[in-house]
Structures are given as C-alpha cells and as structure tokens.
Amino acid sequence: MATQSIHTVTGPIAPEKLGRTLIHEHLLVDFAGAKKVTRDSYDRGNAVKRMLPYLKTIREQGVESFLECTPMYIGRDPLLCRELSEASGVQILINTGLYAAGQRQGEPEPYLPQYAYDLEAEHLAGGWLKEWYEGVEGTGIRPGFVKIGVNPGEMRPISAKMVKAGAITARHSGLCVASHTGRGRSALESLDIFEKEGVSPNRYVFVHAQAEKDLALQVEVARRGGWVSLDGIGPKSAEAHLRAVLNLLEKGYEDSILISQDAGWYRPGQPNGGEVRGFEYLMETFVPAMLEKGIPQATVDHLLIHNPARAFTVKTEGA
Ligand SMILES: [Zn+2]
C-alpha cells in the first residue's frame, strides 16, 4: 500500500499535520567552505539558546513547520534542528544534497567537497538516498527534502550534475528537490534534466525565483509544472515579491507558488552567533499586505499550508 508522509526531524507526519509552513529559512549557516567547515566552530547549546526565541515567536504566530535549507558543508546540523524543534514545537525538515552555488568568477565551488567532482551523478544520488533511508550522519534523523544549488549565469557541468543527482534521488525516494537557482533559464534547463530522468516537474523547486526579474520566466517554470519559490521576503523586497505573487495568481498558477524569507541565522565564529534576522515578518507584515491587495484569505492559506504540504509530501510504496 502506498503511504503519504512528510519527514520532520522528529519523525514522519501525515501531510495534513504540516500546517502553516515557512519553506525556506535557516537556523545556522557557516560559509567557511567545504575544506574548513567544522562543528567545533560553535557550541550547539549556545546556538539553541540563541535561535529558540525566534522559533517560539513564529509558533505563536501560528506557524507550525519550517524547512531548514542549509545544506551539508554549509553548517547543516540535524541535532541542533531536533533540539530546537522539540523545544519550540515547530516541526522542522532538514535536507540532503550538495550546493554548487556561491563561487567567485574563475574559482571552484567553495562548498563542494572533492568527491562531488570525482563521482558521477548516480553515485552522488546513492549517497543522498543512503541519508534518506538511514538518516543523516549517524543520527537516524531523515531528511524531508533535497537541497542543491547551481551557479549563477550559464549552468556549469558540475551544477548540472547536482541537478541530475537530485532528479535521480527524487525518482527513487519521492523527495522534492529545492534547488538554489537565481536564473530562470537555469531553472528551465533543470526541468529539462528532470524530464530526461523521467521525474515529474512537481519534484523541482525553483529556489530564489525572485532573483529572476523576467516574470515571464517564473511563469514558464510554473507552466511546465515546477514550483516557483519566492523566498526572499523582507521589508526591502516585499513589494517585488508581492508583484511576483500577484502575477502568478493572475496567470492562474496559485498551485505553483511557495513563499518564504530566507531569514535567520546563527553564524559560527561571530560573538553569540552574530546578527540574526527573525522569521516573524512574513506573518506579521507580508500576509496583511497580501490581504490588502485583495488576495483572499483562502489563497493565502493555500500558499502557506496546502502548497507546502503538496510539495513536500513523499509517497512511498510498502508498509
Ligand atoms: Zn537560503
């Protein structure tokens, strides 16, 4: 029998238990680079203490779930996420995958380990599937989605390999693949790769779609069946996000929109984790702004509750 569930750091839940969800946020990010990044650079207890109030605030706002989008080699910490989830009551999803974004012109990808270059996509996917089946880093905590990243500009072969590995992982697991992609053309190319691998486009999330200023390309990703993630919502960018949401709604793609803030996070190496951007803006200010623009409450709920549940539900065969 096929079952449908969503995998949080405290175990699987029924999709209807996901509730109001922030689909792209961060609790801890360490940009030290794949060669240098280490858990020794911070005290987990202190990170929990620092980040807990921010999660409690959104819990009080009615947010029930939260996707931690920090990939491995950039500070992904499953135990931190589980502690924070248990202490705050917010359900948290972590990810598997590798991040090929963030490099400077002419330099290698700083957040990729050497094996990402050495192994074929099939082998990389094998590693991610192992995390899916067994849990992450010996913790038994299973990822709830795949997070990858591709370079800005024309997609490099190493980035295309991450997309292919993501598609293969999705094909075997049913997990959804959120891909850091700033450029509409690369998102469409990624959908081509998914198609070639025989994976439904609804397993692909065009992360940071707001960076694509040609709204027609956002629409094209939705038309082809991918998710459009408008996830940089904040005081300065709210209007642009609102325009993009309205444009997609107008074109009839309310089933393709995801919204979030890309906010946070504890920064190892900085005093008490440095400056943190809280997660409360979306519920406090952006939702009222959507309602004011005439977007019905039911549509707002659709974007914050139903779409995340549809995107991150995993269908598995068997018991
Ligand atoms: Zn992010």
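The values are calculated or read from the model by the stated rules, or taken from the named source; none is laboratory data. Because the structure is a prediction, the values reported are computed rather than measured. Cβ placement follows ideal geometry from the backbone for every residue including glycine, while neighbour counts extend to all protein chains displayed.
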Residue under evaluation residue 53, criteria (1) assigned to a helix (DSSP H, G or I); (2) closer than 18 Å to residue 76 by Cβ; (3) of a type outside the set (Val, Ile, Thr), criterion not met: (2)
Got at least one residue in the stretch 192-207 being hydrophobic (A, V, I, L, M, F, W, C), touching a His at 6+ places or on another chain (Cβ under 7 Å) and at pLDDT 95 or above? yes
Search the stretch 19-62 for residues being surrounded by fewer than 23 Cβ atoms within 10 Å (Cβ to Cβ) and within 17 Å of residue 307 (Cα to Cα), and hand back the single one that is farthest from the chain's Cα centre (by Cα). 62
